[in-house]
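The values are calculated or read from the model by the stated rules, or taken from the named source; none is laboratory data. Note that this is a predicted model, so its numbers are computed, not measured. Cβ: placed from backbone, ideal geometry, glycine included. Neighbour counts: every protein chain shown. Heavy atoms of the whole protein, side chains included, go into the accessibility calculation; ligands, DNA and RNA do not. Shrake-Rupley method; radii C 1.70, N 1.55, O 1.52, S 1.80 Å.
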Amino acid sequence: MIENLNNLERTHSCGALRKASVGECVTLMGWCARRRDFGPLTFIDLRDRDGITQVVVNQEKAGAAHAKAKEVRGEYVLAVTGDVVLRDESARNPRIATGDVEVQATEILILNDARTLPFQLDASDDALAAEDLRLKYRYLDLRRPQLQSNLRLRHRMLLEINRYMDEQGFTQIETPNLIKSTPEGARDYIVPSRVQPGKFFALPQSPQIFKQICMIAGLDKYYQIARCFRDEDLRADRQPEFSQLDVEMSFATSDQIYQLVEGLFVRIFRLIGVELKTPFPRFSFAEVMRRYGSDKPDLRIRGMELQNLSEALADTAFAPYSSALTTGGEIKGLVVSGGASMSRKTLDELQEFAKRYGAGALAWIKLGDELSSSLLKALGNDKVVDLAGIAGAQKGDAVLIIAGQRDIVSASLGALRNEVAKREKLIPDGVFAPLWVTEFPMFEYHEDDGRYYSMHHPFTSPLDEDVAVLERAVNGRPELFGELRAKAYDAVINGVEVAGGSIRIHRRDVQALVFKALGMSEESARARFGFFLDALAYGTPPHGGIASGIERTLMVLVPTDNIRDVMAFPKTASAQDLMIDAPGEIDSKQLEELHLEIVDE
Ligand code: ASP
């Protein structure tokens, strides 16, 4: 029987009671997490977002409440009134904050019943029900304490961001979601216009152009917690819509942006009791790629830097290596400390892993009691010993070696560095290692369509000394595009890119050059960005900014590898919302109004 709440009010949350409350009469409200019957005694674990309190219902002392407690099932909603009592020493539960006490119920109201749940809420992390099922019943999954605590951390982080940005003199400005495409390298989500037949809005991939327009408008210091929409292939750390702290500042130098962001991250990390050291170390893109094979190296992993073995193998007759070197590639290795004990199976698995990043063979040297190596036959004992020495390996270590084109060698060894460190448990818990990566290349070449793309986005300024090179590159020297460096920077913590931005182009002529570099004719640049080129012509201050992913940052704080753990209503890897069943169909009337027709393929 379901009862009314009437005017009953709760006095405490289910996580609040401690020894000091013993003797008080309290009213708690929440969900039945568990019920256990011991004849005349029934125990109920009552749960709300704050915690769990044990309720005991005694048949002798509270007959009516005891009878009612027997009806209670999992996830029934209850109001319990009773006295706080100290638990027997032997019955105390140190794992919950309220574990010293329990509530002796005098009265119970059943405020609502609940169907049998499709999955268990209190399963341990490794026994959780399939994620698709939990996403379908997201409102139940969200009752799990871990997700509740993640969302509260998110709230506190957003509050802290707002406070900090206000203190730093920034103004929160909202920009529209129905806009024209802004290029950030992904596909746009498109919204058809009803009133303008055949025309479409795009949802913003980021507020990039608007925040720059804010600078032209003299708003000086802008920020926003912006929702961004990107239609791209999803990975573990991506969602079709996500939030970012978006920042732009007039007359900004890179140093000012670094200081602003470092100050912000110090404040954010205090939320989890961690004091970050500033300034964060800075590395150029070229340096991190050379040393770690990644533009987001995990500096919690000590050492394990990539070692260049190309020179030592310059005159090798071993065909895979000589051909890598003569075609402009390289040979690099990394030392796994204590890796001589890695099994053949592990090495085979690492080989498969490296292949995913385009690597051919993964060669290895193990300095165990005896030397062993996949290269002994090809290179001979002396050369193998020589290579191990150059790589810096000691007895007991292993060296993993990859040859090929530079980007493949970097990508595969960079990924192996993380993978091996994870497998060999070389990543310490509770350590946070931030850094800045600076001077990214302006452009990257895409083999598939044989042209250059902006590495960051087309509004990123080249280094001052590279502007003349840009001009030459555009005017007939395309081979120079690959050499241009940008005033772009990323903040990385524990191998996760938590923020990225740049000093922007504020000169109309330089912006036009970059559009040209990207293969845009003057007409197509005008058609897409005419309004922006015009705006640049009306006294644009030098400016720069950055954006920091809210979810990515939370993933580092929690920590978790699953982005869906830090947002309330995420989508699946195939960009669906399983709870509301979206995307869904629309009826023919709506299609007609939007001037759309579905064509079967
Ligand atoms: N708009 C960029 C992004 O979303 C960040 C920036 O350049 O400020 O990645």
Problem - Net charge, Gln148 excluded, C-beta distance under 12 Å - Lys, Arg +1, Asp, Glu -1 - result: +2
Problem - Nearby lysines by direct alpha-carbon distance to Lys136 (threshold 22 angstrom, same-chain neighbours under 8 apart not counted) - result: Lys571
Exercise for the section: Report the convex hull volume per residue for segment 189-326, counting only C-alpha atoms, in Å³. Expected result: 247
Practice task
Taking all pairs of distinct Cα atoms, average 1/r, flip it, and tell me the Kirkwood hydrodynamic radius of segment 93-139 in Å to one decimal place.
Solution key: 14.2
Handout entry: Mean shadow area of segment 422-536 over all directions, Cα convex hull, nm²
Key = 9.7
Exercise for the section: Using only the alpha-carbon atoms of segment 281-375, report the extent along each of the three principal axes, biggest first, to the nearest angstrom. Expected result: 40, 33, 25
Exercise for the section: Work out, in µm²/s and without decimals, the Stokes-Einstein translational diffusion coefficient of segment 455-601 at 10 °C, 1.306 mPa s, Rh from Kirkwood over C-alpha pairs. Expected result: 82
Problem - Cα-based shape type of the chain, given that a ≥ b ≥ c are square roots of the gyration tensor eigenvalues and the cut on a/c is 1.5 - result: oblate
Handout entry: All aspartates and glutamates inside 18 Å of Lys211 as judged from Cα atoms, apart from same-chain residues fewer than 8 positions distant
Key = Asp166, Glu174, Glu184, Asp220, Asp246, Glu248, Asp534
Problem - Euclidean distance between Cα centres, segment 398-427 to segment 470-509, Å - result: 26
Problem - Cross-link reach list, lysines versus Lys61, counting only Cα pairs under 28 Å and skipping chain neighbours closer than eight places - result: Lys19, Lys70
Exercise for the section: For segment 204-262, report the translational diffusion coefficient in µm²/s to the nearest whole number, using Stokes-Einstein at 20 °C, 1.002 mPa s, and a Kirkwood Rh over Cα pairs. Expected result: 167
Exercise for the section: Do me a favour and compute the ellipsoid semi-axes for segment 153-261 from its Cα gyration tensor, root of five times each eigenvalue, largest one first, whole Å. Expected result: 27, 18, 13
Handout entry: Under the Karplus curve 6.51 cos²θ - 1.76 cosθ + 1.60, θ = phi - 60°, whole-Hz ³J(HN,Hα) for segment 393-406, x wherever Gly or Pro sits
Key = 7, 10, 4, x, 8, 10, 10, 9, 10, 9, 10, x, 5, 3
Fill in the blank from the handout: Over all Cα pairs of segment 65-182, the Kirkwood radius sets Rh, and Rg/Rh then becomes 1.13
Handout entry: the chain, accessible surface, carbon-and-sulfur percent (1.4 angstrom probe)
Key = 49
Exercise for the section: Please give the net charge around Leu306, taking every other residue with its beta carbon less than 12 angstrom from that of Leu306, where Lys and Arg add +1 and Asp and Glu add -1. Expected result: +2
Problem - Compactness index (Cα Rg / 2.2 N^0.38 Å), segment 1-114 - result: 0.95
Exercise for the section: Leaving out ligands and nucleic acids, note down the accessible area per residue over the chain with a 1.4 angstrom probe, in whole Å². Expected result: 50
Exercise for the section: Sort largest first and round to whole Å: the equivalent ellipsoid semi-axes of segment 437-492, each the square root of five times a Cα gyration tensor eigenvalue. Expected result: 18, 15, 8
Problem - Lysine pairs meeting the criterion (Cα under 29 Å, 8 or more apart or interchain), as found in segment 370-516 - result: 5
